[in-house]
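All of the numbers you see were taken from the coordinates with simple rules; none came from a lab. None of these values were measured; they are calculated from a predicted model. Ideal geometry is used to build each Cβ from the backbone, glycine not excepted, and the neighbour counts take in all protein chains shown.
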Amino acid sequence: MSREKPGRNDPCPCGSGKKYKACHAAEDRAREAAAAPPAPPQHPLANDLQAAMNMLGEADLTRVSETLDRLGELLTRWGPAPGLRFDAQAFDTYVSRELERLESAVERDPGQARNVLRLGTVRELGTRSFLEKLRATLLARATTAGLTSEERQALCLGALLASTPKSGRFQPEDRPVLDVVFGVQFREWGASQGQKLAAKLETLAENADLSDEAREVLRKAGEGEMGPLVKYVESAPRLAARIAQEARERSERVEAAMRQSNTPSVFAPEELVWLTSVLWEPLNALRSPDLDAQARGKAVSSFLASVRTALDSDKQFLTGLLDRLRILSKDAALDEMTRDFYTDAAVAFEAEPVRMVLAAILTSRSEPRARSAEEQVVRADLEARTRWTAEDLEPYRELLERMNLPAPAERIRRAQEWLRAHPIAM
């Protein structure tokens with residue numbers, strides 16, 4: 001038979017005398033179809049992405065607005081998961097600073113002040129890298145089982161709005177998905193501030209008589225309703241000032257106590273090893289005797305930034321520290337003065353973790369208490385060394401493993417990771 005495919009009305013190459021269409025045409029078509037490669041599978045979000053693109057092409061953007069509201073509901077439901085929020089520390093720092101600057105504007109026009117805050121936050125934190133991470137996270141979430149088509153389309157719409165050009169400048173304020181992220185995170189931030197106020201007010205209530213109104217808003221705050229508490233404190237400047245004064249006095253009491261040789265260390269032994277490892281360079285720079293006022297100011301700022309970075313990199317550090325302080329504050333085997341110190345320390349470290357960790361490192365005169373004689377020996381051997389490397393910490397890590405202390409052993413392992421890149425000379 002000829003290698004060339006005949007026309008439909010040509011004689012069939014088989015020699016039957018029939019036209020090709022009436023002879024072998026159907027058989028050849030079936031054979032070709034069987035030999036063809038399978039069509040590539042459709043992307044699981046193809047229809048939802050197309051629906052989101054169609055929304056953006058509509059002259060009336062009502063559906064876009066409603067879908068972004070649904071996206072905000074999803075972000076709220078899922079909470080501050082990685083990739084779905086601005087960096088928490090950067091957000092807190094920026095918003096706290098800007099609210100102080102906008103204090104008078106808030107009193108005149110709260111709505112306008114919030115809009116200024118939103119715009120500034122989006123410009124500050126809505127970077128290209130954040131948008132890329134947000135886009136990838138939203139698309140990944142859109143494949144979650146159990147979502148409705150409307151929810152998938154909301155996530156796809158957010159992903160499309162988070163797309164950025166590969167080169168050139170772009171305006172973060174032109175990305176409405178960032179407004180959604182800001183709105184959700186600002187509400188969560190406000191609630192966390194309310195929780196801090198509640199903790200401070202509860203501490204104040206232990207030592208002072210509060211009005212029935214104050215106790216009522218405190219009760220609501222305990223049930224998760226923070227709005228009345230925030231409004232109450234805003235309407236009572238004397239109470240706000242009193243809370244602030246109480247916080248300052250508590251921090252000063254804790255710092256003064258840590259300077260006394262009979263006050264126990266707030267750190268566990270492995271915590272101090274980890275802090276010493278990751279903060280050695282900025283701590284050494286701070287202790288240099290040849291610094292003038294300007295250089296010392298830079299050294300202090302660098303050390304504060306290093307402490308903040310260390311705490312951000314190990315979320316369990318502060319959690320474990322606070323839990324331990326609260327337990328010790330109720331330990332009947334301790335004297336009343338020591339229990340009072342732990343009570344004050346728990347509140348102070350929760351309110352100002354960076355400042356109080358800094359103070360504990362620089363002022364505490366007591367060494368952390370070892371949990372066994374063997375741990376005390378290993379610690380003493382470590383402190384006698386003039387240089388720390390990852391290998392030097394290995395006996396301590398192995399001991400903690402044998403003592404069935406996985407969390408402390410993990411912290412030493414993290415210190416070892418740091419020392420592999422930053423060995424320190426004592």
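Other residues lying with their Cβ under 12 Å from the Cβ of Leu71 contribute a combined charge of -2, Lys and Arg counting +1, Asp and Glu -1. Computed from label points 7 Å out along Cα-Cβ, the spacing between Leu147 and Arg253 is 5.1 nm. Under a 5 Å amide H cut-off, with hydrogens placed 1.01 Å from N, Ile424 pairs with Trp388 among residues at least 5 apart or on other chains. Rg/Rh for segment 254-319 (Cα atoms only, Rh after Kirkwood) is 1.02. Are there chymotrypsin sites (Phe, Trp or Tyr not before Pro) in segment 136-192 that DSSP marks as loop and that have at most 15 other Cβ atoms within 10 Å, and which are they? Qualifying residues, ordered by number: Phe170. According to the Kirkwood relation over distinct C-alpha pairs, the hydrodynamic radius of segment 294-426 is 16.8 Å. Computed extension length for Ala351-Lys18: 110.5 nm, one decimal, from 0.36 nm per residue of separation with the Cα-Cα distance subtracted. Inter-label distance, Glu216 to Ser372: 5.7 nm, where each label sits 7 Å from its Cα along the C-beta direction.
Partner aspartates and glutamates whose Cα lies under 17 Å from the Cα of Lys21, excluding those fewer than 8 positions away in the same chain, are identified as Glu4, Asp10, Glu32. Here Lys166 is the anchor, and the aspartates and glutamates within straight C-alpha reach of less than 17 Å, apart from those fewer than 8 places off in the same chain, are Glu132, Asp174. Can you check what the net charge comes to around Val307, using other residues whose Cβ is under 14 Å from the Cβ of Val307 (Lys, Arg +1; Asp, Glu -1)? So the environment of Val307 carries a net charge of -3.
Rg and Dmax over the alpha-carbon atoms of segment 233-375 stand at 16.6, 57 Å.
Any idea what diffusion coefficient segment 301-375 gets from Stokes-Einstein, in µm²/s, Kirkwood Rh on alpha carbon pairs, 20 °C, 1.002 mPa s? Here the translational diffusion coefficient equals 157 µm²/s. How high is the FRET efficiency between Arg63 and Asp92 when r is their beta carbon distance and R₀ equals 35 Å, given to the nearest 0.05? The formula returns an efficiency of 0.55 here. Put simply, segment 347-395 fits an ellipsoid with semi-axes of 27, 14, 11 Å; these come from the alpha carbon gyration tensor as the roots of five times its eigenvalues, largest first.
Computed from backbone phi with θ = phi - 60° and the Karplus coefficients 6.51, -1.76 and 1.60, the 3J(HN,Hα) list for segment 410-421 is 5, 5, 5, 4, 5, 5, 5, 4, 5, 5, 4, 9 Hz; x is used for glycine and proline.
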